[in-house]
Amino acid sequence: MSIKEADRVLPVTAGASDPTRERRSVMRPSRFKQYEPVVIGTLSVVLALAVWQLVANARIWSVLFVPGPWDVAQAFVKLFQTGDIWLDIGTSGAEIGIGYGMAVVAGLALGLLMGWYTRFQYALDPFVNFFYSTPRIVLIPLFILWFGIEMQPKIAVIFLGALFPIIINTMAGVRNTEAALLRVARSFGASDALIFRRVVLPGSVPFILTGFRLGVGHALTGVVVGELIAAKHGVGQLIAIAGQTFQTPKMLAGVILIAGTGMLLTTILQRVENRFQSWRPQIR
Amino acid sequence: MHDRSAKLAAKGVVIEYWLHRSHSLFTAVQGVDMEVRPGEFLAIVGPSGCGKTTFLNAVDGLIPIAGGSLTLDGRDITKPGPDRAMVFQQPGLLPWRTVLGNVIFGVEAQGSMSKSEAIARATQQIELVGLKGFEDAYPLELSGGMQQRVNLARALLTDPEMLLLDEPFAALDAQTREMMQLELLKIWSQTRKTALFITHDIKEAIYLADRVIVFTRRPGRVKEELEIKLSRPRDLRVKRDPQFLTYEDQIWESIQEELAVPAERLIAGIPAA
């Protein structure tokens, strides 16, 4: 049906509906509609890569300044062929695993306590605000002084980076418990422990998971910047050395490795978040 | 001391609370004297802001009283207990729990029933309130009327001696409200629980209750009591009964008098008590 035809006012007859008319509201979404986000997203990435490749192929600037996507891909493959990369990935992975894991445990505990006990929040608020408004990266020189250039300073900076978004979001989740739900629970004589477990905690889950997701970003920044400054091994250090030795494709391959890790972790947490939100009606 | 025949007895009940914003003491209820007889359905009506909901919260034990006495079966009410259950104006359902999970929440909070027993009984209760087939639905998937049915079922499952209802149908559309009133009457006639029902809807009060109490404007007191001598079971036709209309007029005028008071006092320059 053309636009002109659709514009024409169709006579409305009571009872019998015109079978030729489109009934948009009840139409099943087409297959394309379902995959629209993926299709359009992929197309735009492919387009961007193509433009990048064309610009690089024009060779207005040398490979050192603007390597093409193909150069980066080759560098990426080469990284894995030599096998040295595994030590770097292992080191960075361990730093993130330990630092982020500790941040999750401590952040969750502190956030819940601060949300639940007002006085505890009053006591810790100044520190949380101080550290949250400071880029924790600036503490790296101090951590190097304390812990040397092994994994510990990176773990410390990852921990501090991820800790505060987790604390703040967890606390907000507890604080945002609906007053009406608390009243219902109290009216039925629920103990504080039951209110915490059955009302406050489940209600905070979306906030907590958002905190975890924000924490991932901070953790990745922490590991890369930490290794840029001083490290023996690690993906951040690989990026630093490649950059300083003019191996731009290799450097960008390292960047892609970090970015990919971040996207993967965020997607996993997003999936977990969706699982916990299955009670929310679908908007579309 | 107290009347043996009363289920709930209020004598000179005063309820005050502190307003943080204006740093002043606010008297919501000033000297309420009333009784609810066992098995009776009593409705309280009054102008909005007259303290009727506050009074009900005190009966539930959610807020303390500042003066007088408030007793259930002769015992002072100091905190919520399993002998009372509230049906709230806002359903207050846990959005992450299904209908079944929400219905058992009351007994779960009280710790009065094993989980398997609670689920078995909740299933019957859900059927009683007309939600059979919706056990696994989430609150956000339900209409306002259905959410209030869950709210009611949750209270009924605790098997209280007294049911407290705080304008449970106020937020519903007119048709759903009438249907819910009818359903409530049906359920109440099966259980015959003592019920204290708060509403600002005069018709609703007369339609449901054995007795209607009119509150004065704030600070609330009992202004008038009215026995509703309409035969049960009642259906919607009773709302056109001449006697029903007489009651309605009487209560309406009583409330109008209350609404008129502040204006006259303002004119006379007498500060509101």
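The values are calculated or read from the model by the stated rules, or taken from the named source; none is laboratory data. All of these numbers come straight from a predicted model, not from anything done at the bench. Reconstructed Cβ throughout: ideal geometry from the backbone, glycine too, with neighbour counts over all protein chains shown.
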- Query: Got a number for residues in the range B:29-62 being within 14 Å of another protein chain (Cβ to nearest Cβ), within 20 Å of B:THR191 (Cβ to Cβ) and in contact with a Lys or Arg (Cβ under 9 Å, 6 or more places away or on another chain)?
  - Reply: 2
- Going through the range A:125-161 one residue at a time, which ones are surrounded by fewer than 16 Cβ atoms within 10 Å (Cβ to Cβ) and more than 30 Å from A:ASP88 (Cα to Cα)? A:ASP125, A:PRO126, A:PHE127, A:ASN129, A:PHE130, A:SER133
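Hydrophobic (A, V, I, L, M, F, W, C) and not in a helix (DSSP H, G or I): does that describe B:LEU42? Break it down into steps so the answer makes sense when it comes.
On the way: hydrophobic (A, V, I, L, M, F, W, C): yes; not in a helix (DSSP H, G or I): yes.
Considered against the rule, which asks whether it is hydrophobic (A, V, I, L, M, F, W, C) and not in a helix (DSSP H, G or I), B:LEU42 comes out as yes.
I'd like the full set of residues that are within 11 Å of chain A (Cβ to nearest Cβ) and in a helix (DSSP H, G or I), limited to the range B:107-133. Full working, then the answer.
If we filter the range B:107-133 for residues that are within 11 Å of chain A (Cβ to nearest Cβ), which is where we start, we get B:107-112.
Passing the criteria: B:VAL107, B:GLU108, B:ALA109, B:GLN110.
Matching residues to (1) touching a Pro at 6+ places or on another chain (Cβ under 6 Å); (2) assigned by TED's automatic domain parsing to the domain that holds B:VAL36; (3) surrounded by 20 or more Cβ atoms within 10 Å (Cβ to Cβ):
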{"position": "B:MET179", "(1), (2), (3)": "no, yes, no"}
{"position": "B:ARG192", "(1), (2), (3)": "no, yes, no"}
{"position": "B:GLU204", "(1), (2), (3)": "no, yes, yes"}
{"position": "B:ILE213", "(1), (2), (3)": "no, yes, yes"}
{"position": "B:ARG217", "(1), (2), (3)": "yes, yes, yes"}
{"position": "B:GLU224", "(1), (2), (3)": "no, yes, no"}
{"position": "B:GLU248", "(1), (2), (3)": "no, yes, no"}
- Query: Taking the range B:63-80 as the region of interest, how many residues are free of Cβ contacts under 8 Å to residues at least 24 places away in the same chain, surrounded by fewer than 19 Cβ atoms within 10 Å (Cβ to Cβ) and within 11 Å of chain A (Cβ to nearest Cβ)?
  - Reply: 1
- Working only within the range B:198-219, note down all residues that are in contact with a helix residue (DSSP H, G or I) (Cβ under 6 Å, 6 or more places away or on another chain) and under 27 Å from B:TYR17 (Cβ atoms). B:ILE198, B:THR199, B:VAL212, B:VAL214, B:PHE215, B:THR216, B:ARG217
- Task: For B:PRO91, indicate whether it is at negative phi, part of a loop (DSSP other than H, G, I, E, B), at the interface with another protein chain (Cβ under 8 Å from one of its Cβ atoms) and under 16 Å from the mean Cα position of the chain (by Cα).
- Result: no
- Inspect all residues belonging to the range A:179-194 and state whether any of them is in contact with a Leu (Cβ under 7 Å, 6 or more places away or on another chain), free of Cβ contacts under 8 Å to residues at least 60 places away in the same chain and closer than 16 Å to A:LEU214 by Cβ. no
- Would you be able to say whether some residue in the range B:208-231 is under 21 Å from B:GLN90 (Cα atoms) and more than 14 Å from chain A (Cβ to nearest Cβ)? yes
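Can you name every residue in the range B:227-244 that is surrounded by 14 or more Cβ atoms within 10 Å (Cβ to Cβ) and part of a helix (DSSP H, G or I)? Please lay out each step first, then the result.
Of the residues in the range B:227-244, the ones surrounded by 14 or more Cβ atoms within 10 Å (Cβ to Cβ) are B:228, B:230, B:234, B:238-239, B:241, B:244.
Listed by number, the residues that qualify are B:VAL238, B:LYS239, B:PHE244.
Considering each residue of the range B:166-221, count those that are among the acidic types (Asp, Glu) and either part of a loop (DSSP other than H, G, I, E, B) or farther than 30 Å from B:PRO82 by Cβ (or both), and give that number.
The qualifying residues number 5.
Each row is one residue, and each column tells you yes or no for (1) modelled with pLDDT under 90; (2) of a type in the set (Lys, Arg); (3) under 23 Å from the mean Cα position of the chain (by Cα).
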position	(1), (2), (3)
A:ALA106	no, no, yes
A:ALA123	no, no, no
A:THR134	yes, no, yes
A:VAL138	yes, no, yes
A:PRO141	yes, no, no
A:TRP146	no, no, no
- Message: Is it the case, given these coordinates, that A:ALA190 is of a type outside the set (Val, Ile, Thr), within 14 Å of another protein chain (Cβ to nearest Cβ) and surrounded by 17 or more Cβ atoms within 10 Å (Cβ to Cβ)?
- Response: yes
- Within the range A:262-284, the residues that are part of a helix (DSSP H, G or I) and either closer than 17 Å to A:VAL72 by Cα or more than 10 Å from the chain's Cα centre (by Cα) (or both) are A:ARG271, A:VAL272, A:GLU273, A:ASN274, A:ARG275, A:PHE276
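Based on what the data block shows, is A:THR267 more than 30 Å from B:LEU93 (Cβ to Cβ) and without any contact (Cβ under 8 Å) to a residue 40 or more places away in the chain?
Working: more than 30 Å from B:LEU93 (Cβ to Cβ): yes; without any contact (Cβ under 8 Å) to a residue 40 or more places away in the chain: yes.
Considered against the rule, which asks whether it is more than 30 Å from B:LEU93 (Cβ to Cβ) and without any contact (Cβ under 8 Å) to a residue 40 or more places away in the chain, A:THR267 comes out as yes.
Has the range A:237-257 got any residue that is free of Cβ contacts under 8 Å to residues at least 12 places away in the same chain, in a helix (DSSP H, G or I) and of a type outside the set (Gly, Ala, Ser)?
So in the range A:237-257, the residues free of Cβ contacts under 8 Å to residues at least 12 places away in the same chain come out as A:241, A:243-245.
In the following step, the residues that additionally are in a helix (DSSP H, G or I) were identified as A:241, A:243-244.
Subsequent filtering for residues that are of a type outside the set (Gly, Ala, Ser) retains A:241, A:244.
Yes, the conditions are met somewhere in the range A:237-257.
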- Note on the structure: When the range A:171-185 is checked residue by residue, the ones that are surrounded by 20 or more Cβ atoms within 10 Å (Cβ to Cβ) and either within 14 Å of chain B (Cβ to nearest Cβ) or within 15 Å of A:TYR100 (Cβ to Cβ) (or both) are A:GLY173, A:THR177, A:LEU181, A:VAL184, A:ALA185
- Regarding B:ASP83, is this residue among the acidic types (Asp, Glu) and more than 12 Å from chain A (Cβ to nearest Cβ)? no
- Sole residue being part of a helix (DSSP H, G or I), under 28 Å from A:GLU178 (Cβ atoms), of a type in the set (Gly, Ala, Ser) and over 15 Å from the mean Cα position of the chain (by Cα), chosen from B:GLY101, B:GLY81: B:GLY101
- Those residues that are on the phi > 0 side of the Ramachandran plot and in contact with a Ser or Thr (Cβ under 9 Å, 6 or more places away or on another chain), I need them from the range B:11-45; list them, please. B:GLY12, B:GLY39
- Selected residue [surrounded by fewer than 19 Cβ atoms within 10 Å (Cβ to Cβ) and either in contact with a Leu (Cβ under 7 Å, 6 or more places away or on another chain) or outside any strand (DSSP E or B) (or both)] from B:PHE55, B:PHE26: B:PHE26
- Restricting the range B:94-106 to residues that are hydrophobic (A, V, I, L, M, F, W, C) and more than 8 Å from chain A (Cβ to nearest Cβ), the residue that is surrounded by the fewest Cβ atoms within 10 Å (Cβ to Cβ): B:LEU100
